[in-house]
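Working notes for the structure below.
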Amino acid sequence: MRLSQAKISELVEKHTQVADNTTWNRFTSIPWQDLKPELLSQSECSAIAFINVIEDHLPGYFAEYLKRFPIDENTPLDACVYNRELYHFLVRWAQEEDRHAHVLTSYQLRAGLKSADQLNQELAQEGRKQFTLQYTEPAQIFTYAFLQEKATLLYYKLLHNAVQEPVLKIILRLLVKDEARHFAFFGAVVGAYIEQFGERMLPSMQAVLESFKMPLHNTLQNYWRWSMVICQAAGGYDHTQAYADLVRVVNKFADASTRAKAADLIDLVHQIRAI
């Protein structure tokens, strides 16, 4: 299933218009001179290192999206036209996520949390590991990205509220603004799928919910131990809070018939969040 060409063009253009009006400079928008690393707790230092690795895996993410939405001589012309439109979003999204990785790297170095050699080695060690999206259907890829971006947004908000270090608070506030735009785009795409395909979307969405894991859960060393530490730093973070937004999108964009048949999906969200 694929959205209409007109719809994907409309959504990408809307996102790009907003993105062009909301940008920041990783060098001049941040008062690096105000850095006070002594205010960081050990769990907050771990959280910074963790999200730096996650954001820094951007080459793997981007390569996987280009593989799922190719533009080459082996791809039918109509698909290339569609994928080129999506590329306009993907390349902008990749640039912004790469900026996240770079500013977090700069933060760790300026705060003296790690040496340049140590940090570059660690990021390269994790970054060269293969990242693979487990989904092949575009609707599932966008549903996964929607949940992932909202879960990331929630975490950055909670961490922002928990930390006392002033420069980190500013950085996290900037990351939140970017992630909010990414989340809004993927939400609009998922909503458009529901509008266009109705109840046929529900099994795909349910499959994503049933198998959802955050990126790098299966490649990052000590992921689960590390994730418990970073949850502690953010005051009880729970990524399943993002699932409620999927229900919200269904209720917003579905017609009466689709909403009536979404009961199993909604029940699944409640069951997962109750565990």
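The values are calculated or read from the model by the stated rules, or taken from the named source; none is laboratory data. Please read all numbers here as calculations on a predicted model, not as lab measurements. Note: ideal-geometry Cβ built from the backbone for every residue, glycine included; neighbour counts use all protein chains shown. These accessible areas exclude ligands, DNA and RNA; they are computed on the full protein's heavy atoms, side chains included. Shrake-Rupley method; radii C 1.70, N 1.55, O 1.52, S 1.80 Å.
Below are the figures for this structure:
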| item | result |
| --- | --- |
| Dipole magnitude of the chain about its Cα centre (Cβ charges: Lys, Arg +1; Asp, Glu -1), debye to nearest 20 | 360 |
| Accessible area (Å², 1.4 Å probe, nearest 10) - R84 | 130 |
| Positive-end extreme of charge dipole, the stretch 54-155 - chosen from L58, H88, H102 (charges on Cβ) | H102 |
| Set of the stretch 90-115 residues, backbone N closer than 11 Å to the point 7 Å along the Cα-Cβ line of W32 | 103, 106-111 |
| Residue-span extension gain [S106 to Q130] - 0.36 nm each, minus C-alpha spacing | 6.2 nm |
| Rounded to the nearest 10 Å², the accessible area of D117 at probe 1.4 Å | 120 |
| Top of G198, G127, G236 by mean-square fluctuation, Gaussian network on the chain, Cα under 10 Å | G236 |
| Which of S43, S29, A79, positive extreme of dipole for the stretch 1-103 (C-beta unit charges) | A79 |
| For the chain, built as a Gaussian network whose Cα springs stay under 10 Å, the top-fluctuating residue of Q130, Q108, Q118 | Q118 |
| Ellipticity estimate at 222 nm from DSSP helix runs (n ≥ 4, -39,500 (n - 2.57)) divided over the chain, nearest 500 | -23500 deg cm²/dmol |
| Sparse-neighbour loop sites [chymotrypsin sites (Phe, Trp or Tyr not before Pro); the stretch 1-108; at most 15 other C-beta within 10 Å; DSSP] | F27 |
| Surface accessible to a 1.4 Å probe, T23 within the full protein complex, Å² | 100 |
| Relative contact order, percent, the chain [alpha-carbon distance under 8 Å, six or more residues apart] | 27 |
| Highest-fluctuation residue, V81, V163, V103 considered, GNM on the chain with Cα pairs under 10 Å | V81 |
| Aspartates and glutamates with Cα under 15 Å of K252, excluding same-chain neighbours fewer than 8 positions away | E195, E199 |
| Per residue value of the accessible surface for the chain (all protein chains in place, 1.4 Å probe), Å² | 47 |
| The stretch 43-154: C-alpha gyration tensor shape, a/c 1.5 cut-off, then a/b vs b/c | prolate |
| Carbon and sulfur %, accessible surface of the stretch 1-138 computed with the full protein complex present, 1.4 Å | 51 |
| Cα shape, the stretch 17-61, gyration tensor, a/c 1.5 rule | oblate |
| Contact order relative to length of the stretch 97-184, as percent, for alpha carbon pairs under 8 angstrom and 6 or more apart | 27 |
